[in-house]
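Throughout, read-outs are computed from the coordinates displayed, never taken from laboratory work. Here the structure is a predicted model, which is why all the values come from computation and not from measurement. Virtual Cβ from ideal backbone geometry, glycine too; neighbours counted across all protein chains shown.
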Amino acid sequence: MRPGDPDTTSGDRCEPSGAEVSGTPRAVDSTPTGSLYDGSVSTPVVAVVMGSDSDWNVMAEAAVALDEFGVPYEVEIVSAHRTPRRMIEFGSEAAGRGLRAIIAGAGGAAHLPGMLASVTTLPVIGVPVPLKSLDGLDSLLSIVQMPAGIPVATVAIGNARNAAILAVRMLATTDPVLRGRLEEFAAGLERLVAEKNASLRTP
Ligand code: RP5
């Protein structure tokens with residue numbers, strides 16, 4: 001399954017609350033060659049997984065950001081409750097398949113990120129997906145309150161884009177080209193704030 005494939009019409013999802021405001025800088029591609037992320041390698045290094053296709057309207061933002069940074073990824077529905085055996089298989093095999101980070105989104109009784117973290121040594125980034133009831137607070141608490149020893153890095157409710165950027169930061173610790181893209185991205189954020197200040201001061 002790739003971005004755009006899942007049917008996002010089902011479920012009782014709220015609109016994504018963590019979506020970035022328009023005008024947020026996008027990563028700029030000025031890639032020198034010689035990087036894992038120069039476009040020559042398409043083997044996924046990040047998995048974007050979610051409990052249901054109804055999570056895709058939130059999780060798609062992670063895919064968009066990974067595309068911006070030129071990071072290959074895979075997308076799959078893996079449900080902690082509906083496909084528990086597949087979830088264990090997926091988590092157990094993830095590191096061996098060459099993945100370096102897992103972004104896991106789920107809503108409500110959001111056990112997927114934590115359960116994946118329990119069967120892999122890879123970093124797991126959890127995205128609390130907001131449902132209609134409780135505005136995602138249930139999802140957030142389900143993901144963030146992990147027991148000692150089994151961490152899940154939890155981003156804000158609905159903020160799958162930040163999950164992807166965090167994954168890119170993890171990968172960039174061993175890839176200077178990716179680090180360069182992050183620096184350009186951060187510079188873009190600074191420029192954006194400067195532009196907003198300028199327009200505020202313009203009568
Ligand atoms: C969770 O249950 C999923 O992550 C999803 O957010 C929620 C509802 O799933 P659907 O009933 O919309 O398939 O496991």
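Each of the peptides 35-44, 119-128, 53-62 was scored by the mean count of other Cβ atoms within 10 Å over its residues; in descending order, highest first, they stand as 53-62, 119-128, 35-44.
From the Kirkwood radius over Cα pairs of segment 142-203, Stokes-Einstein at 37 °C and 0.692 mPa s returns a whole-number translational diffusion coefficient of 229 µm²/s. Each Lys and Arg contributes +1 and each Asp and Glu -1, all at the Cβ; summed about the Cα centre of segment 28-123, the dipole is approximately 440 debye.
In order along segment 75-87, phi translates into HN-Hα couplings of 10, 7, 8, 9, 9, 5, 9, 8, 9, x, 5, 5, 4 Hz, rounded to whole numbers, per the Karplus curve 6.51 cos²θ - 1.76 cosθ + 1.60 with θ = phi - 60° and x for Gly and Pro.
Ordered from longest to shortest, the equivalent ellipsoid semi-axes for segment 54-203 are 30, 20, 13 Å, each the square root of 5 times a Cα gyration tensor eigenvalue.
Just need the relative contact order of segment 121-170 here, percent rounded to a whole number, with Cα pairs under 8 Å and 6+ apart. Value for segment 121-170: 43 percent. Over segment 81-151, the hull volume per residue, using the convex hull of the C-alpha atoms, is 73 Å³.
Each of the peptides 137-150, 157-170, 71-84 was scored by the mean count of other Cβ atoms within 10 Å over its residues; in descending order, highest first, they stand as 157-170, 71-84, 137-150.
Normalised by residue number, the volume inside the convex hull of the Cα atoms of segment 40-108 is 78 Å³ per residue.
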